[in-house]
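Contents: one structure, followed by commentary.
Taken together, the values in this text are just the output of simple stated rules run on the coordinates, not laboratory data. Fair warning: this is a prediction, and the values are worked out from it, not measured in the lab. Here the Cβ is made from the backbone with ideal geometry for all residues, glycine too, and neighbour counts use every protein chain on show.
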Amino acid sequence: SQQGEEDPQALSIQEGENATMNCSYKTSINNLQWYRQNSGRGLVHLILIRSNEREKHSGRLRVTLDTSKKSSSLLITASRAADTASYFCATPRIQGAQKLVFGQGTRLTINP
Amino acid sequence: DAGVIQSPRHEVTEMGQEVTLRCKPISGHDYLFWYRQTMMRGLELLIYFNNNVPIDDSGMPEDRFSAKMPNASFSTLKIQPSEPRDSAVYFCASSLVTYNEQFFGPGTRLTVL
């Protein structure tokens, strides 16, 4: 099964609302990353949070990490139509390992 | 910097043909990753290189797939012979230090008829 699993699989909200996506993982990690993928494009890195951090902000993005629950959340505030995309969390396959494992993603649709 | 460059962007071929996908990583990056993305299986890591050396190819589906990195600025992923189930979007990504962000190319959409 996937190391990181996003929830929900799909989310549709109105422009201006906040969007929250969750990610759960199974093993201990050094960091967790969030990526965005617009339709027909490659993934774009959004934010990395390390295991000793609990919260991190970047513009309208807020990421939290709860290592005790092995979960992370991505909050997008004041959503815009341009935020319509799929969002993936990614974690190292094994703590300290070189490669990332991506979840299946959350497909976010922002309705005007 | 132009980012990660992949070619071709689209490839349509017939079953049994050889397919070669190309990638130019970001200059100075020392890790290169090949991924495959499908609706059914999501994003799968096929192989990755460090300083042009293959480190882990456990994700390569079978012997029909091979990847090379002859120098720091070029890598290929070859499928020979291709099959319809190889149809997917193939991404190349590079990174400077592996725990940091990976930069993805635009992908190659492969269709095998």
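Structure data summary
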item: A:T67-A:Q9 FRET efficiency (beta carbon distance; Förster radius 25 Å; 0.05 resolution); result: 0.55
item: All lysines inside 23 Å of B:K68 as judged from Cα atoms, apart from same-chain residues fewer than 8 positions distant; result: A:K99, B:K24, B:K78
item: Furthest towards positive pole of dipole, B:V19, B:N100, B:N71, structure part chain B, Cβ charges; result: B:V19
item: Local electrostatic count, B:R109, Cβ distance below 9 Å [Lys/Arg +1, Asp/Glu -1]; result: 0
item: Shape metrics for chain B, restricted to C-alpha atoms - Rg then Dmax, Å; result: 13.1, 39
item: Rg(Cα)/(2.2 N^0.38 Å) for the range B:58-100, N = residue count; result: 1.37
item: Cα gyration tensor shape for the protein assembly as shown, rounded if a/c is under 1.5, else prolate or oblate; result: prolate
item: Surrounding net charge for A:R50, when Lys and Arg each add one and Asp and Glu each subtract one, Cβ distance under 14 Å; result: -2
item: Using a Förster distance of 22 Å, the FRET efficiency for B:K68-B:L96 (Cβ separation, nearest 0.05); result: 0.55
item: Size of charge dipole - the protein assembly as shown - debye, nearest 20, with Cβ of Lys, Arg +1 and Asp, Glu -1, no other charges; result: 300
item: Net charge of neighbours whose Cβ lies under 14 Å from the Cβ of B:M15, counting Lys and Arg as +1 and Asp and Glu as -1; result: -3
